[in-house]
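The values are calculated or read from the model by the stated rules, or taken from the named source; none is laboratory data. The structure displayed is predicted, hence computed values, not measured ones. Using ideal geometry, Cβ is built from the backbone for each residue, glycine included, and neighbour counts are taken over all protein chains shown. Note: accessible area is taken over every heavy atom of the protein model, side chains too, but ligands, DNA and RNA are not part of it. Shrake-Rupley method; radii C 1.70, N 1.55, O 1.52, S 1.80 Å.
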Amino acid sequence: ASLAHRKGRHPQSTERSLPLWEPCLPKRGWPVRAADLDLNGLLEFKPKGGLIQFAGQRAVILDTVALGLLRKELIDTIGATAAKGVLTRLGYAHGWRTAETLRHALPWDSEQEWRTAGGRLHGLQGLVEFESVDHAGQASFPFADAIWKDSYEAEQHLLHFGRSDEPVCWTLCGFASGYLSHVNAREIYCAEDRCAGRGDAACRMVGRPRDEWGDRLPSVLAAYERSLDATLCKVTDALRRAERELRARSKAIARLSGESEEPAGMVARSEAMRRVIALARRVAKVDSTVLVTGESGAGKERVARLIHDDSTRASGPFVGINCGALPESLLESELFGHAKGAFTGATATKKGKFALADGGTIFLDEIGTMSGTLQSKLLRVLQEREVRRVGENRNRPIDVRIVAATNRDLAADVDAKSFRQDLYYRLRVVELKVPPLRERREDILPLARSFLARCAERTGHKVDGISPSASARLFRYEWPGNVRELENAIEHALALAPESRIEAADLPEEIGSPRARTRRGIALAMAEVEREHILSLLASNRGSRKKTAAQLELGETTLYRKLREYERRGFVVPQPSAGLQ
């Protein structure tokens, strides 16, 4: 209204106003300098709404949160790299168009004033507060150098994604590049070397001609691709190259090791492990929750990944978290996310693992260590298929498959009241038991050869075999650390091997230690004696479990559990005769 009064019209007038910068035409003798630009001279609008013009061109007012949501939608839909290209090109077009329009729209005092007006316009449009860096007295400096404060892009990226690892003011860099390229009639490309979106105090933009970027040119230029198609074509080509390299690497490893791999990098020659893999493939086809049990290092995560890769969710993310590695307060935030200000240190809103796994699979390792409070919250997630971020009052729907794993006896934990029974049954819709390595000895040497080939290919060592004496030690060892211990032992031996193959002396000391082997051998012999005694007594009792348990002074439940274990390991268990229990 005050602007209308200065033009001599009533504030309620509906007639279209003239451009407010018209009094500054040359015939009035008012040349324009960049420092003199302000909104009074550039903005034209009707008090009751309608067309808005900025420097003679139609403009619109957009809420920055809406722009932030558009940014989020682009990143979620086409990925950060492609979204960066789209928004940078949008900013470039905006800057180029602004420079082109203003050249004839205002009576500039000189061409130089028009060329330097870009930063001022950046601020007048509400995009950022601009401050040129003074390089007086310096021998060399960039073509353009500016400090940006209160960047709307950094603000919105922090709001929707939290702190970034890279600069995020994409449209602002594009605008500066487009404006500078037009007014200087040469290619000027701008990039940030500091950004508030990644935790810096302020943003800093540097602009250089194409030939002055040197080795950084490809990374800077990538954001200025002229079409989304070109960006997507590059991504497609990169994926194809990666696929070819992976296929070639798999063939090389198979050739070196002489072993073919199952999916997810697994090697299975034993019947027990083949049964696990076959069951994993079958359960992968349905969306049921799976509990994978087994000792530490036995390969539970590999089984979980196989389930994901063979499922209809294979194109979605596979997100894993070790529940035993984090304290309760931090684990809740990691799983469900948190709102900004929810607790000390929560400087930005953060997505949890469940949200990150949306459309895919979440792998909850060491689930048995979870506290009772978190067990209750996890049970609700399983029932409602919703999560609630720490510090928020609303639930968010999720679409994930849950695969949990533990090396504990959860049934015993349920009996001891340390694990919720209802959660146990929710997780154990299907249970996969991964046998320890000592119970599938057929897999030891194939796994060792596969690990050797992988490690040799990664490190460039020329070791390509395992001697008979080393193989014998590997085969006899009990492997309390399972597959993980075997992999570490092979890497240890490869690092020490002076010849073209691994010898027994290259293996870790404990693998060849007679003392360690004797101690484990005694334990193994005792177990074998117990098994043979139980099965012999059961056979003499014509398979009667009740009579055998009484003679052994064992509970019938304990005897049944031992017999099931023997059957699982392939031993023949006498069955009860007619009329016996």
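Tell me whether the range 291-305 contains one or more residues that are closer than 30 Å to residue 392 by Cα, among the β-branched types (Val, Ile, Thr) and in contact with a Lys or Arg (Cβ under 7 Å, 6 or more places away or on another chain).
no
Identify, please: which residue in the range 121-144 is part of a strand (DSSP E or B) and of a type outside the set (Ser, Thr, Tyr) and is, among those, least open to solvent (accessible area, probe 1.4 Å)?
Going through the qualifying residues, I end up with 144.
Output the number of the condition that residue 118 fails; it satisfies all remaining conditions of (1) at pLDDT below 90; (2) surrounded by fewer than 22 Cβ atoms within 10 Å (Cβ to Cβ).
Tallying (1) at pLDDT below 90; (2) surrounded by fewer than 22 Cβ atoms within 10 Å (Cβ to Cβ), residue 118 fails exactly one: (2).
Kindly check whether there is at least one residue in the range 150-163 that is within 17 Å of residue 203 (Cα to Cα), surrounded by fewer than 21 Cβ atoms within 10 Å (Cβ to Cβ) and among the basic types (Lys, Arg).
For the range 150-163, residues within 17 Å of residue 203 (Cα to Cα), surrounded by fewer than 21 Cβ atoms within 10 Å (Cβ to Cβ) and among the basic types (Lys, Arg): present.
Residues being crowded, with 16+ Cβ neighbours inside 10 Å and modelled with pLDDT of 80 or more: count how many of those fall in the range 99-114.
Adding up the residues that qualify gives 5.
Quick one: in the range 474-492, which of the residues that are surrounded by 21 or more Cβ atoms within 10 Å (Cβ to Cβ) and either of a type in the set (S, T, N, Q) or more than 33 Å from the chain's Cα centre (by Cα) (or both) is farthest from residue 407 (Cα to Cα)?
474
Does at least one position in the range 354-364 carry a residue that is more than 19 Å from residue 317 (Cβ to Cβ), open to solvent by less than 80 Å² (accessible area, probe 1.4 Å), free of Cβ contacts under 8 Å to residues at least 60 places away in the same chain and not hydrophobic (A, V, I, L, M, F, W, C)?
no
Please go through the range 381-415 and give me each residue that is more than 21 Å from residue 308 (Cα to Cα), open to solvent by 70 Å² or more (accessible area, probe 1.4 Å) and assigned to a loop (DSSP other than H, G, I, E, B), ordered by number.
388, 393, 394, 408, 409
Against the condition modelled with pLDDT under 90, open to solvent by less than 20 Å² (accessible area, probe 1.4 Å) and either assigned to a loop (DSSP other than H, G, I, E, B) or under 20 Å from residue 374 (Cα atoms) (or both), how does residue 298 come out, does it pass?
It is false that residue 298 is modelled with pLDDT under 90, open to solvent by less than 20 Å² (accessible area, probe 1.4 Å) and either assigned to a loop (DSSP other than H, G, I, E, B) or under 20 Å from residue 374 (Cα atoms) (or both).
From (1) modelled with pLDDT under 80; (2) open to solvent by 80 Å² or more (accessible area, probe 1.4 Å); (3) of a type outside the set (Ser, Thr, Tyr); (4) within 29 Å of residue 267 (Cα to Cα), pick out the condition that doesn't hold for residue 520.
Here residue 520 meets the rest and fails (2).
So that you can scan it fast, the table gives a plain yes or no per residue for (1) over 15 Å from residue 116 (Cα atoms); (2) modelled with pLDDT under 90; (3) in a loop (DSSP other than H, G, I, E, B):
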{"residue": "174", "(1), (2), (3)": "yes, no, no"}
{"residue": "180", "(1), (2), (3)": "no, no, no"}
{"residue": "189", "(1), (2), (3)": "yes, no, no"}
{"residue": "197", "(1), (2), (3)": "yes, no, no"}
{"residue": "201", "(1), (2), (3)": "yes, yes, yes"}
{"residue": "204", "(1), (2), (3)": "yes, no, no"}
{"residue": "207", "(1), (2), (3)": "no, no, no"}
{"residue": "211", "(1), (2), (3)": "yes, yes, no"}
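Within the range 9-52, which residues are at pLDDT 50 or above and in a loop (DSSP other than H, G, I, E, B)?
The answer is 30, 31, 33, 37, 38, 45, 46, 47, 48, 49, 50, 51.
Hey, does the range 319-326 have a residue that's in a helix (DSSP H, G or I), open to solvent by 50 Å² or more (accessible area, probe 1.4 Å) and in contact with a Leu (Cβ under 7 Å, 6 or more places away or on another chain)?
no
Taking the condition more than 15 Å from the chain's Cα centre (by Cα), in a helix (DSSP H, G or I), farther than 16 Å from residue 359 by Cβ and not β-branched (Val, Ile, Thr), does residue 335 pass? Before you say what the answer is, go through the steps one by one.
Numbers: more than 15 Å from the chain's Cα centre (by Cα): no; in a helix (DSSP H, G or I): yes; farther than 16 Å from residue 359 by Cβ: yes; not β-branched (Val, Ile, Thr): yes.
Judged against the criteria, residue 335 is not a match.
Would you pick out the residues in the range 431-464 that are of a type outside the set (A, V, I, L, M), over 18 Å from residue 268 (Cα atoms) and in contact with a helix residue (DSSP H, G or I) (Cβ under 8 Å, 6 or more places away or on another chain)?
Answer for the range 431-464, where residues must be of a type outside the set (A, V, I, L, M), over 18 Å from residue 268 (Cα atoms) and in contact with a helix residue (DSSP H, G or I) (Cβ under 8 Å, 6 or more places away or on another chain): 455, 457, 459, 461, 462, 464.
When you look at residue 89, is it surrounded by 19 or more Cβ atoms within 10 Å (Cβ to Cβ), out of contact with any Gly (no Cβ under 7 Å at 6 or more places or on another chain) and not in a loop (DSSP other than H, G, I, E, B), yes or no?
Taking the combined requirement at face value, the residue does not satisfy it.
May I ask you to list pairs of residues, at least six apart or on different chains, whose Cβ atoms are under 9 Å apart, with the first in the range 68-81 being hydroxyl-bearing (Ser, Thr, Tyr) and the second being open to solvent by less than 50 Å² (accessible area, probe 1.4 Å) and not in a helix (DSSP H, G or I)?
81/223
Whether any residue in the range 413-432 is under 26 Å from residue 318 (Cβ atoms) and among the β-branched types (Val, Ile, Thr) is what I want to check.
Taking every residue of the range 413-432 in turn, at least one turns out to be under 26 Å from residue 318 (Cβ atoms) and among the β-branched types (Val, Ile, Thr).
Pull up the range 30-69, narrow it to residues that are under 43 Å from the mean Cα position of the chain (by Cα) and over 20 Å from residue 98 (Cβ atoms), then point me to the one that is least open to solvent (accessible area, probe 1.4 Å). Break it down stepwise before answering.
Our first condition is that a residue be under 43 Å from the mean Cα position of the chain (by Cα); within the range 30-69, this holds for 54, 58-69.
Still in the list and also over 20 Å from residue 98 (Cβ atoms): 63, 65-66, 68-69.
Details: 63: 91, 65: 59, 66: 53, 68: 2, 69: 93 Å².
Selected residue: 68.
Pairs needed: first member in the range 324-345, at positive phi; second member anywhere, among the polar types (S, T, N, Q) and assigned to a loop (DSSP other than H, G, I, E, B); C-beta distance under 8 Å; at least 6 residues apart or different chains.
What qualifies is 337/349.
Given 315, 329, 371, which one is open to solvent by 10 Å² or more (accessible area, probe 1.4 Å) and closer than 30 Å to residue 436 by Cα?
Details: 315 fails: closer than 30 Å to residue 436 by Cα; 329 fails: closer than 30 Å to residue 436 by Cα.
The match here is 371.
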